[in-house]
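In what follows, a structure is listed as structure tokens, so that the remarks can point back to it.
The values are calculated or read from the model by the stated rules, or taken from the named source; none is laboratory data. The structure presented is a predicted model; accordingly, all values stated were derived computationally and were not measured. Don't worry about glycine lacking a Cβ; one is built from the backbone with ideal geometry, like all the others, and counts go over all protein chains shown. Each accessible area value is taken on the protein alone, full model and side chains, heavy atoms only, with ligands, DNA and RNA left out. Shrake-Rupley method; radii C 1.70, N 1.55, O 1.52, S 1.80 Å.
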Amino acid sequence: MLYAILSTFLVAAIAPAVHRVTGRASGWVLGLLPAALFVYFLSFLPAVSSGESIVLSWPWLPGLDIHLSFLVDGLSLLFALLISGIGFFIVTYAGRYLEGHRDLGRFYVIILAFMGSMLGLVLADNLIAMFVFWELTSITSYLLIGYNHENADARKYALQGLIVTVGGGLALLAGIVMLAMAGGSYELSEILANGDVVREHSLYLPLLILILIGAFTKSAQVPFHFWLPRAMAAPTPVSAYLHSATMVKAGVYLLARLNPSLGGTEIWFTTLALFGAITMFTGVFLAFRSTGVKQVLAYSTVMALGTLTMLIGIGTETALMAAMAFLLAHSLYKGALFMVAGILDHEAGAKDFLQTGGLRTALPVTAAFAILAALSLGGVIPLFGFVAKELMLESVLEAPGLVGILTLLAVLTAILGVAVAAIVGIRPWFGARVETPKTPHHEAPPAMLAGPVVLASLGLIFGLGPGLADEGLVNAAAASVQGAPVDGYLALWHGINWPLAISAFSLIAGGLLYWRWEQARRALAWVDQAAEYGPEKGYFKMMDGLVWFSEWQTRVLQNGYLRYYVIVIVVMTAGLVGVTAQLFDVSVGTVHFERLRIHEMAIIAVLAASMLFAVTTRSRLGAVAALGSLGFTVALVYVLYSAADVGITQVLVETLTVILLVLVLFRLPGFLSLSSSALRLRDAGIALITGGMITLLMLSTLDARLFDSIAQYFIEESEPSGYGRNIVNVVLVDFRALDTLGEIFVLALAAIGVYAMIRFRAEDRR
């Protein structure tokens, strides 16, 4: 498993060379990798369909008991097959769609790295590994969306997608750390088996909120939905891959994966069902309102992601079967439709539905399979989209709560979904011929047609025979999401019931809406004005505020004055130490002032007097002399407590420092003014805070001895290991040789500096 994932990164590294050697056939050659991966993952199907979960593990961070582990069950296998299977068609499609592009080799590198990241994400059994792959998908998708980097919109919206998804990723990181704390492990397979423990833990609510933020941003749930349609600045092969099988479904995968551990609570159901339903309706409404080919498809993806989130939130067996069936159906028809959109652009130059019409005669094969995929999008019998749609409606009608609002939004979505499917499946191909920017003279090449043909055909095959998708794949995936076997099954015909009646009504109402599409669009012109106050506007305001704040803090903090840098460092350090001491209830050892002897009190008095004189005197030489006195007194403390070597070093360094300061002060002009009283009080306060912090840290160590003293080891090993009876010398020369060498370097550098200044001074006098 690990080698399968690593192979995608390895092939990505050599992809440019492969492209240079194979030329036009590079898409087919590089497509062999995802094809081989698809066959490899397919070999797990018999074991997974029988209910087996396969865990493969390698040591990663043994000291922290963290392993690089992978889990193959129904859910991860379904995603792995979609990622590799659709990935094959995407790579071959891109080879012809981007043929002649100067950066095609770079595209192969990023798309294959993206594929490897997605495979790692859905197969990872370790939370840390999953998060690493999660962030890799954000980075590689940023590079894919901004592939046409000379285009300002591509750069702008690539950054938008990165900011939103990585921001959610930070919340997710905090959430999975809490999840590991609550579940007692970083291994998903263990956490999923301890769902009751996690749900009853005091961290359940905060970790749930953080994980939902991460999932909602990745899968474009309201109010984070705005970044997904903007990602259409990417080339069409990227859009097809992002929307059908990969990144935008990563958040849905996370929710489905964690359902056995986090699901089953009221807040889980309410949040996912409500946000999912609102996202579902918002997506299909905006799709109906749009005219751009890729934009309509992007908003319909938002609709699908909302539907999947809602179904996972409902959480019944029927809902989870519906979610997995809908996931598969959407991947098939959306991958096909996006590749059809690329064909429209490649062959006819059409990027907007208003620019199309009557193209069925020029592109008959494309038209046939586009219509087939659009029928699945609209949930028309006998396509697989119909099977998934029926289960979705049945799940909503049987939901354990919020039935009214969920049913209303589901019915409205079904109606608008039919209208959107009609826009995609009728508008470009039928009616009067519309002059397109380019006149298509022939069908797209086989590399571009293979994907729509196969994916749309699978939608029909699985619709006519739902058992082909159900047995061993959809059922096993639903069982993984539920955490237990499911009794549900897929069928094309469930008899005459309410879901069938709603489907029939939606076909009629959706057809009427499409008939009046132009008028309806004009009536919805207010949407553009409302968008000025939507979440995307908030995103841009946030970015403007971030720039303003960055400029402000740069002016304040990065002002070029060393004293302010020192102040910020010591104050922040003291603050962090204080907060940590409060959070972890650090105890401070008892100070026995009665044990002080007369000579120790004298040393303290000299230290205090030197300090006070240094900060109050107006003489520069006097301040230097006071600092020297302070340093020599500290050296006396070292000698008093048997650290003669440190004391000698302190005396030497202090002597050189005083000489250096005196020489420098002779070269400096006189001060025009001294610090004001307010500044001195401020500096005194900061100095007291810093000194107090260091004192408290030292006192806290008095009662915090975790290990035995090392002194006994030095006493025992001085002669046999260091061949010397002078323990201090042995420690300096043998046990702490590098530390001593460092001290020698410090002294040597100080001596060189003093010598240079004395010599330059002598030369100046000559």
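Which residues, taken from the stretch 392-421, are open to solvent by 10 Å² or more (accessible area, probe 1.4 Å), assigned to a helix (DSSP H, G or I) and farther than 18 Å from THR282 by Cα? Hits for the stretch 392-421 are GLU394, LEU397, VAL403.
Is it the case that VAL48 is assigned to a helix (DSSP H, G or I), surrounded by fewer than 16 Cβ atoms within 10 Å (Cβ to Cβ) and aliphatic (A, V, I, L, M)? For VAL48, the condition - assigned to a helix (DSSP H, G or I), surrounded by fewer than 16 Cβ atoms within 10 Å (Cβ to Cβ) and aliphatic (A, V, I, L, M) - is not met. Please verify whether TYR97 is open to solvent by 30 Å² or more (accessible area, probe 1.4 Å) and in contact with a Gly (Cβ under 6 Å, 6 or more places away or on another chain), treating the condition exactly as stated. Yes. Where helices (runs of 4 or more DSSP H) fall entirely within the stretch 469-567, those with at least 3 residues that are of a type outside the set (S, T, N, Q) and surrounded by 13 or more Cβ atoms within 10 Å (Cβ to Cβ) are at 475-482, 498-515, 517-523, 535-557. Of the residues making up the stretch 425-439, just one is closer than 30 Å to LEU308 by Cβ, among the hydrophobic types (A, V, I, L, M, F, W, C) and open to solvent by 10 Å² or more (accessible area, probe 1.4 Å), namely ILE426. Pairing each residue of the stretch 472-495 that is under 19 Å from PHE386 (Cβ atoms) with any residue that is of a type in the set (A, V, I, L, M) and open to solvent by 30 Å² or more (accessible area, probe 1.4 Å), provided the two are 6+ apart or on different chains, yields C-beta distances under 8 Å for LEU473/LEU45; LEU492/ILE381; LEU492/LEU464; HIS494/LEU500. Is at least one residue of the stretch 22-39 surrounded by fewer than 15 Cβ atoms within 10 Å (Cβ to Cβ), under 29 Å from the mean Cα position of the chain (by Cα) and outside any helix (DSSP H, G or I)? No, the stretch 22-39 contains no residue that is surrounded by fewer than 15 Cβ atoms within 10 Å (Cβ to Cβ), under 29 Å from the mean Cα position of the chain (by Cα) and outside any helix (DSSP H, G or I). Going by the conditions given, is GLY116 under 17 Å from the mean Cα position of the chain (by Cα), touching a residue at least 12 places away in the same chain (Cβ under 8 Å) and under 20 Å from HIS19 (Cα atoms)? Against the criterion (under 17 Å from the mean Cα position of the chain (by Cα), touching a residue at least 12 places away in the same chain (Cβ under 8 Å) and under 20 Å from HIS19 (Cα atoms)), GLY116 qualifies. In summary, MET232 fulfils each of the numbered conditions (1) more than 19 Å from ILE86 (Cβ to Cβ); (2) in a helix (DSSP H, G or I); (3) not hydroxyl-bearing (Ser, Thr, Tyr) with the single exception of condition (1).
Regarding PHE430, is this residue aromatic (Phe, Trp, Tyr) and either outside any helix (DSSP H, G or I) or within 34 Å of the chain's Cα centre (by Cα) (or both)? When the stated conditions are applied, PHE430 passes them. Being in contact with a Pro (Cβ under 8 Å, 6 or more places away or on another chain) and surrounded by 22 or more Cβ atoms within 10 Å (Cβ to Cβ) is the filter here, so list the residues in the stretch 449-468 that pass it. Selection gives GLY463 alone.
A Cβ distance below 7 Å, combined with a sequence gap of six or more or placement on separate chains, defines the contacts here; from the stretch 323-351, residues that are closer than 30 Å to GLY467 by Cβ reach no residue that is charged (D, E, K, R) and open to solvent by 10 Å² or more (accessible area, probe 1.4 Å). Please go through the stretch 715-730 and give me each residue that is part of a helix (DSSP H, G or I), at pLDDT 85 or above and surrounded by 14 or more Cβ atoms within 10 Å (Cβ to Cβ), ordered by number. Scanning the stretch 715-730 gives GLU717, SER718, VAL730.
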